[in-house]
Amino acid sequence: MTDWNSDLYSRFTAPRLRPAMDLLAQTGQLPDGPVVDLGCGTGVMGEALAARHPQHPLIGVDNSPAMLAKARTVSAYDRLLEEDAATWVPDTPPALIFSNAALQWLPDHASLFPHLVRLLTCGGQLAVQMPLQHNAPSHRLIHDVAVDLFPGRFDAPREPVAAPETYMRLLAPFGDADVWETTYIQRLPAAADAHPVRLFTQSTFMRPYTSAMDATEEARFLAAYDADLVTTYPLEAEGTVLFPFRRLFLTVRRNS
């Protein structure tokens, strides 16, 4: 895929920040060691992480040069690393691995999540939030429209996030685990150039699809997707849209 469009992603900072702050509130007392913002993106959580855990060095990890360029303007990080979250290995066992809306991009969670817990220092905590939205109309329509316009080009999408019970069974052997989900009713602002839900998904879930299109194909695709969204997510009187968005949260503290 092409690199992230950090400006488009940042257009919806408030609704993306709310679940991250809810997750941060569930991180408690930590042992010695760094705090790692895994998939730190533009660094939007840097200051909040540093404020909640001020005695711990803060390290941001992301594989997007565009996102890290913005994160470098956030003074809260002690270090920023351009690395793949799937293969990253810390120099020092972290006290906290915090990951907001990043790990859904990685496959094989049955191996990934135990691997991340094992990276922690004894008593350290893993805290993760992932969108649980792949079966919602906003996401299903992206695939359906792409397949309809360009038959044979796109495989069926993988299921990026498992059922909540799967993660509880996976993490419980490592320590005190907690798994829950929340549906946020997001009010997306009116936009003159596109349906608000399209603008929200365009910088995230849609990226693998539009990366495989040329400019003309992408314009056809976006117009068709916008048209379908009008029926599924109707505009309010002032042009805003109520957009239910489901998210999965999990924390686990590694047994000493």
Arg140 vs. criteria basic (Lys, Arg) and touching a Phe, Trp or Tyr at 6+ places or on another chain (Cβ under 9 Å): no
Could you list all residues from the range 227-243 that are more than 23 Å from the chain's Cα centre (by Cα) and not hydroxyl-bearing (Ser, Thr, Tyr)? Ala227, Asp228, Val230, Pro234, Leu235, Glu236, Ala237, Glu238, Gly239
Go through Ala20, Ala86, Ala51, Ala76 for me and flag whichever is closer than 24 Å to Phe200 by Cβ and either assigned to a helix (DSSP H, G or I) or over 13 Å from the mean Cα position of the chain (by Cα) (or both). Ala20
Selection within the range 23-48 - modelled with pLDDT of 95 or more, assigned to a loop (DSSP other than H, G, I, E, B), loosely packed, with under 15 Cβ neighbours inside 10 Å and not polar (S, T, N, Q): Ala25, Asp32
List every residue pair whose Cβ atoms lie under 8 Å apart, where the two residues are 6 or more positions apart in sequence or sit on different chains, the first residue falls within the range 53-75 and is farther than 18 Å from Gly124 by Cα and of a type outside the set (Asp, Glu), and the second residue, located anywhere, is open to solvent by 70 Å² or more (accessible area, probe 1.4 Å) and part of a helix (DSSP H, G or I). Val74/Glu47
Could you grab me the full set of residues in the range 213-223 that are open to solvent by 30 Å² or more (accessible area, probe 1.4 Å) and either in contact with an Asp or Glu (Cβ under 8 Å, 6 or more places away or on another chain) or outside any loop (DSSP other than H, G, I, E, B) (or both)? Ala215, Thr216, Glu217, Glu218, Ala219, Arg220, Ala223
In the range 173-206, the residues that are open to solvent by 50 Å² or more (accessible area, probe 1.4 Å) and either assigned to a loop (DSSP other than H, G, I, E, B) or over 16 Å from Val241 (Cβ atoms) (or both): Pro173, Asp176, Asp178, Trp180, Glu181, Pro189, Ala190, Ala192, Asp193
Could you tell me how many of the residues in the range 54-73 are among the β-branched types (Val, Ile, Thr), assigned to a loop (DSSP other than H, G, I, E, B) and surrounded by 18 or more Cβ atoms within 10 Å (Cβ to Cβ)? 0
Any residue that is open to solvent by 60 Å² or more (accessible area, probe 1.4 Å), of a type in the set (Phe, Trp, Tyr), at pLDDT below 95 and under 30 Å from Tyr233 (Cβ atoms) - is there at least one of those in the range 100-123? yes
Residue by residue through the range 229-256, note down the ones that are part of a helix (DSSP H, G or I) and free of Cβ contacts under 8 Å to residues at least 12 places away in the same chain. Thr231
Tell me, yes or no, whether the range 146-164 has at least one residue that is open to solvent by less than 20 Å² (accessible area, probe 1.4 Å) and touching a Ser or Thr at 6+ places or on another chain (Cβ under 8 Å). no
Might you let me know whether the range 80-94 holds any residue that is touching a Lys or Arg at 6+ places or on another chain (Cβ under 7 Å) and open to solvent by 30 Å² or more (accessible area, probe 1.4 Å)? yes
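The values are calculated or read from the model by the stated rules, or taken from the named source; none is laboratory data. Given the structure is predicted, the values throughout are model-derived calculations rather than measurements. All Cβ positions, glycine included, derive from the backbone under ideal geometry; neighbour counts span all protein chains shown. When the accessible area is computed, the model is the full protein with side chains, heavy atoms only, and any ligands, DNA or RNA have been set aside. Shrake-Rupley method; radii C 1.70, N 1.55, O 1.52, S 1.80 Å.
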